Amino acid sequence: MMGRYAYSIVIGVIVTLSLLFIMQLLIASGKSALTKPRARANLEFVRIKKNENLNTADLQPEKPPKPPKAPPITPPQDLDNIDPDTPTISIPAPTIVADTSIGGPGGMNIAEGDYLPIVRVAPVYPARALSRGLEGFVDLSFTVTAAGTVADVFILQSTSTLFERAATRAVLKFKYKPRVVDGIPVSVSGVKTRITFLLED
């Protein structure tokens, strides 16, 4: 038992002394590394001269191909040397037959008969009557002219004066086929109509 302790003590002393020696060695070498001047490395630069003699022939682009030759110019004809005895070909112009006659006013074909309504325009509901919720009608008398228009509008009766102007404006926009007598359009007076104003539900 005592032999083991003695052996352990001897090994411990040897290890401790070895560590102390290594530490002393490192300290001594470290001081010399700090105090000793370092050797600087010198870098050498070599400057290459610029090649100023360039081969510019290799840098030029290729020439484009030449354009095709233009066609030869046709010489002007000498009209003074034309032979008058040269045979010619005569082609007659085609004959065109078209009926361009337009009958009646406005280009309508006139046929015997009474006047007929073509266009009837709805009146504009008066704003005052609409705000009051009024309904009614207007009876009018007018003349259908030979041109198919309306003239001489006369109010026969109306339920309210608020409707008279709107009804008159609407009737003046009416278009008619005029009455034709012996192929001649004539005016017709005393034509009557009623314009009614109703509110939608």
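Laboratory data are not the source of any read-out in this text; all were calculated from the coordinates shown. Only a predicted model underlies this, so the values are computations on that prediction, with no experimental measurement involved. Note that we place each Cβ from the backbone using ideal geometry, even for glycine, and neighbour counts take in every protein chain shown.
Size descriptors for the stretch 110-197 (Cα atoms only): Rg and Dmax, in that order, 14.7, 51 Å. Which residues in the stretch 118-145 have a backbone N closer than 13 Å to a point placed 7 Å from the Cα of residue 152 along the Cα-to-Cβ line? Correct set: 141-145.
Sketch the reach of a paramagnetic label on residue 119 as a point 7 Å from Cα along Cα-to-Cβ, and name the residues of the stretch 165-186 whose backbone nitrogen lies under 18 Å away. Counting backbone N atoms under 18 Å from the label point, the list is 167-179.
The label-point distance for residue 26 and residue 5, in a model that sets each label 7 Å from Cα toward Cβ, rounds to 3.3 nm.
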